[in-house]
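Only one structure is covered here, and it is reproduced in the block below.
The values are calculated or read from the model by the stated rules, or taken from the named source; none is laboratory data. Just so it is clear, the model here is predicted, and its values are computed rather than measured. Here the Cβ positions follow ideal geometry from the backbone for every residue, glycine too, while neighbour counts run over all protein chains shown.
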Amino acid sequence: MTADTQLAIKDQLATTVQPAITAQLATTVRSLIEQETAATVALINSLEEEKKALSTRDSPGLHKCVEIKAKTIVTLEQLSKYRLNILAAHGLDSSNEAWNVLLQTLAKGSDSDILDKWNQLKVLAKRSYELNQVNGKIVNRTRQTVQRLLTILRGQPDSVDLYDQLGRSTNRQRGVSGPVVKA
């Protein structure tokens, strides 16, 4: 964020946020951050359960985790929209920079630890992203394994990328002479 952008946002805040409103706004923003934190913790718990269900191939458990995860994501989306509404109500754009300046302004006033709360939320959000990435890799690996097994059962050749002595990729087929099973 450039210094000019930050200064413009601070000027906008100074003209739209009166001191009496600042305490109420700080309470609202703190409550929002606490709600987002609770929802993010719920998402992390759901992702951890999802990972267990994926690892053990627990289909009913996986279904339950996906339902919880979907509901939690809807809640987080609603809270994010509420955050954008707070910015709009004070004449600010919907950028991360505007939100950070608002938090810095509130931290200088009546809510000195609001930035710490926000940073904790960002750490939790990063953790949920990482867990989701891991779960996605488990799903992809399982899908590839199932595809390969289906290819073998159908008696279709399985193609493999090999390299010749010059390092060029050659696609060779290794396969089964015929179907392993007939239905």
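If a residue has to be in contact with a Ser or Thr (Cβ under 7 Å, 6 or more places away or on another chain) and farther than 22 Å from N45 by Cα to count, how many in region 107-144 make the cut?
Qualifying residue count, region 107-144: 2.
List pairs: first residue in region 57-80 and within 20 Å of S31 (Cβ to Cβ) and at pLDDT 95 or above, second residue small (G, A, S) and in a helix (DSSP H, G or I) anywhere in the structure, Cβ distance under 7 angstrom, at least six positions apart or on different chains.
Between residues of region 57-80 that are within 20 Å of S31 (Cβ to Cβ) and at pLDDT 95 or above and residues that are small (G, A, S) and in a helix (DSSP H, G or I), the close pairs are T72/A39; T72/A42; T72/S46; T75/A39; L76/A39; L79/A39.
Of these, V29, V101, which one is assigned to a helix (DSSP H, G or I) and modelled with pLDDT of 90 or more?
Criteria check complete, one pass: V29.
Evaluate the following for L131: is it aliphatic (A, V, I, L, M), under 16 Å from I33 (Cβ atoms), touching a helix residue (DSSP H, G or I) at 6+ places or on another chain (Cβ under 7 Å) and surrounded by 15 or more Cβ atoms within 10 Å (Cβ to Cβ)?
So L131 fails the test.
Quick check on region 81-95: of everything there that is in contact (Cβ under 8 Å) with a residue 40 or more places away in the chain and within 20 Å of the chain's Cα centre (by Cα), which residue is surrounded by the most Cβ atoms within 10 Å (Cβ to Cβ)?
R83
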